[in-house]
Structures are given as structure tokens and as C-alpha cells.
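For reference, the structure is listed below as C-alpha cells.
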């Protein structure tokens, strides 16, 4: 019997894998012991990445297998991607060079099939919103399948507001781009509403149900309702309605996917959260004040997009360390070095780019992830009171701690630090400083401590430094 079961599993894997279907277990979920983090494939999980600008699937010129290989090389385990059902971007948007969300003319693929009528603003025939493009969904499933094989979770971002008219006029929902008469007289700021949607709501609901069904077999997916809904007229009641649609669409699924809501840029207090939402994402969340503001929700708090601080590594590395050591469970740097033709993340973008990202930065994210994975972080919580002194003016300390057992400490602007005073109970300990840029362990020591405050000499650094203290 056992041999037969093994044979059947191998047979299923052989036949189903090429179709993009995996015999998945429980999808990524909130950790039952600490829902500020994830549980995935039996392991406590933090999501840490530096990913492309969300066009991996909808841009036919983008080789997503090479891109996913680049993430896996540095043990990065998350990517965001747009469905393309209602949104893409024109060339030059936001001054992004070779923007993956801005396919070349005729290279945009989306869930809706092309009609036989020419005239789509972005090149090629108009869309028929009554028919699905099966080639698109085959591509999407293959993307998620290849991500799964490489240990990468996919955030499927369902919708995005139209920031400018130039984005609305290339949407499949714009009346000039479809043969169904959808969108006539509709302002871009009314598309994501319950009362002014001009007939688009039924299409949005159908699109959500289609994705929930297409991706039901995968364990490496969660859904984000809408990117940056605080722009472009997106209403909160519409967002909650989409959460209801996702919930209803997967009500009979034995393994249900998590739902994410993008709350604000920087910070905001979440009030009256939708009960089906498990991830609350923020953009440009530095300093990480939004984590303590919302920690009491007992859900994952994420920093899901970075940028607008130049192209150097330091601002985004510091943002990552501070956010995760404040109790966040997800960090995604927006990495502009991934473009079509440079899917390995080696594109050298111009200085005017609105953000950063490069191979060296991704190695820094691996250092951060490895540092935190060296702790039993599910048993830890923010506790800055561990630090009792020694912090120079202008230096910020963030601490995750498991009381009496371990502390992970990060100091921003650590230059001038000579020693850090920490509160520890009696016991045997090992401590070591870490260079967040190189991963080099500095000044390791083992010591006995009688309890109370302990002074730990610090090596000299130019920018930031981390400290691991573990009771033996």
C-alpha cells in the first residue's frame, strides 16, 4: 500500500506540475502562536524581499524564471505582482526606467482576451471583457508554480487606483479599449466604488472569483485587495466588499488564502478592521511607528513598498532593520534593477530613479533574514526597555526580545557608540555584534552574568550595527 501511495504522488507530480498545479498543503497562514508572523510549510516565517516593480506576469518580455532565480539565490521569499486586469502603466510613469509595469506596445497580456477589433491604446486589438485569455492564466499559474519551487510567496495584488489619466486611458476597462461598452462616461476616480462604478463592479467581482479559483491549489499565495487605495477615489466600503468577495469565493476551499489590505503611506491607526483581513500593509513606513500603533491587532504588519530616498542602499536597509525589529512581519523593498533583459537584477538605473535595489542590497536583505532566523522569533516581541544605557544622542535602538532568553538589537546611526548597557537576568550568555552590510560577526564573547545591567563593548561602525544576545 505504501509503495502504491508513493507511486500515485509521483504520478500526480509528473502530470500536474507542467500545468502549474501543485498538490499544496496549507497555504501560508498566520502563526498560531504569534500571529504577527507567518507559518508556512511547517516553519515560522518572515517575508523579506527586494522585488521587481510588479509586472512579472503582465509584461510578456519579462523572463520571470530568471527573476525568481535571482530572489532564491539570496533566500528572498516574497514577490508582489499585479493581475493586469484593470491596470498597467505608460512608459515614463513616475520616471521609472524600463518599468516592468509598462510593457512595450503589443506586449501587455491580461486576464481578458483580445477581440478581433484593433484600437487598444497600448497596442494591438481591443479587449473582450466577456472572455478570459487562457494563455494569460497559464502564464500566471506557471509564475506561481515556479515561485513555489523556489520558496517564494506571491502577493497577488488584485487592483490599483489610476493615479493619472494616462493610466486610465490604457486600462482594459476604459471604454476606448474594450468592445463591451464598459466604462462609458466613467471617471477614473469612480472605478473602485460601490455606487458610481459605471458597471465595472460586476467585472471586478468576476475577476476576483476567477483568480481565487485559478490559484486554489497553491500554498504560496495571498491576496492584496488594492495597492495604495488612499489615492484615486478608492472607497473603504469597496475594499471591504472585495474582501467579502474573496471570502465568499473560497468558502468551500479546505485551505483558504490570507487577505492583505494596504492601509497607508508611512503610518495610520487601523480602525474597525475587516475580520477577513490578516495582513495590514504600509508603504514607506519609516520610522516604523505604524508597528506599535497597530501591534494590538495581533495580525501581520508589513512594510510593502519603499522608495523616494535616493538610490543608495542605506536608507532602505535601515528601514528594513528598524521595521522588522519593531515587530513587523513583512518587508518588501521595491527593486528597480529588475527589468526585461536584466531579470537577474543587474540593470543599472539612472540617478533620477525613485528608489534603489541591486545585487549588493539583496545580499544585505539576506543578512537581515538570516539574522532573524537565527532566533526563535515567534517567541519574541518588541521590548526596547532591554536597553538601559550607552546609546549616544541621535542613535536609535530597536529590540526584539524573548524575556530572559534572547535579544535581537539594532542601532541606527551607530557611529559614536562605545558600549551598550542591557538588562539581563542571571545566566550564561553569548553575544556578538553584526555588520548589517557585510554580515561579518564582530566581537563575539561568552560570559556569565549575575543579573541586572551588563555593559557590552561595541566595535566602531560608520552607519548601523546589530547585536545578538542569547542565553546558553
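FYI, it's all coordinate maths here, none of it is from the lab. These numbers come from a predicted model, not from an experiment. As a convention, Cβ positions derive from the backbone with ideal geometry for all residues, glycine included, and neighbour counts pool all protein chains shown.
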Subject >> the chain: calculated mean residue ellipticity at 222 nm from DSSP helix runs of at least 4, using -39500 (n - 2.57) >> reply: -7000 deg cm²/dmol
Subject >> residue 116-residue 403 pseudo-label distance in nm [points 7 Å out on the Cα-to-Cβ vector] >> reply: 7.3 nm
Subject >> Convex hull (Cα only) mean projected area of the chain, reported in nm² to one decimal >> reply: 23.9 nm²
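Share of antiparallel DSSP beta bridges in the chain, in percent to the nearest 5? Display every interim value, and only then the final one.
Numbers: 48 of 78 bridges.
For the chain, the DSSP antiparallel bridge percentage is about 60.
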**OP:** Specify the inter-centroid distance of the stretch 352-408 and the stretch 171-191, based on alpha-carbon positions, in whole Å.
**Re:** 46 Å
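For the stretch 265-400, what class follows from the C-alpha gyration tensor (a ≥ b ≥ c being the square roots of its eigenvalues): rounded when a/c is under 1.5, otherwise prolate if a/b is larger than b/c, else oblate? List each step's numbers first, then the result.
Numbers: a/c = 1.81, a/b = 1.39, b/c = 1.30.
Prolate shape, in that a/c is at least 1.5 and a/b is the bigger ratio.
Express in nm, to one decimal, how much length is gained between residue 164 and residue 231 on full extension, taking 0.36 nm for each residue of separation and deducting their alpha carbon distance.
Difference between extended and current length: 23.1 nm.
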Original post:
Once both axes come from the Cα atoms, what is the angle between helix 64-73 and the longest principal axis of the chain, in degrees from 0 to 90, rounded to 10?
Top reply: 10 degrees
Original post:
Taking only Cα atoms, what is the 0 to 90° angle, nearest 10, from helix 134-149's long axis to the longest principal axis of the chain?
Top reply: 10 degrees
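Evaluate the relative contact order of the chain (contact order divided by residue number), counting alpha-carbon pairs under 8 angstrom at least 6 apart; express in whole percent.
Working: 1076 pairs, mean separation 66.7, N = 472.
Once divided by the residue count of the chain, the mean separation gives 14 percent.
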Subject >> Difference of contour (0.36 nm per residue) and Cα-Cα distance, residue 138 to residue 205 >> reply: 22.1 nm
**OP:** Please give the length that would be gained between residue 352 and residue 95 if that part of the chain were fully extended, namely 0.36 nm times their separation in residues minus their C-alpha to C-alpha distance (nm, one decimal).
**Re:** 91.8 nm
**OP:** Specify whether the C-alpha gyration tensor of the stretch 354-472 places it in the rounded, prolate or oblate class, a ≥ b ≥ c being the square roots of the eigenvalues: rounded for a/c under 1.5, otherwise prolate if a/b is larger than b/c and oblate if not.
**Re:** prolate
**OP:** Be a star and scan the stretch 37-73 for residues whose amide nitrogen sits under 14 Å from the point 7 Å along the Cα-to-Cβ vector of residue 104.
**Re:** 59-63
Original post:
By the gyration tensor of its Cα atoms, with a ≥ b ≥ c the square roots of the eigenvalues, what is the shape of the stretch 106-240: rounded for a/c under 1.5, prolate for a/b over b/c, or oblate?
Top reply: oblate
Subject >> Modelled label reach - residue 391, point 7 Å along Cα→Cβ, the stretch 295-333 residues with backbone N closer than 18 Å >> reply: 318-328
Original post:
Can you give the relative contact order of the stretch 39-124 as a percent, counting alpha carbon pairs under 8 Å and 6+ residues apart?
Top reply: 32 percent
**OP:** Please give the helix 314-324 orientation as an angle from the longest Cα principal axis of the chain, in degrees from 0 to 90, rounded to the nearest 10.
**Re:** 80 degrees
Original post:
FRET efficiency for residue 426 and residue 455, Cβ-Cβ distance as r, R0 = 22 Å, nearest 0.05?
Top reply: 0.85
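Give the calculated FRET efficiency between residue 293 and residue 194 to the nearest 0.05, with a Förster radius of 25 Å applied to their Cβ-Cβ distance. Can you show the working numbers first?
On the way: r = 28 Å, r/R0 = 1.13.
Here the calculated transfer efficiency is 0.35.
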Subject >> Computed label-point distance, nm, for sites residue 125 and residue 176 using a 7 Å Cα→Cβ extension >> reply: 2.1 nm
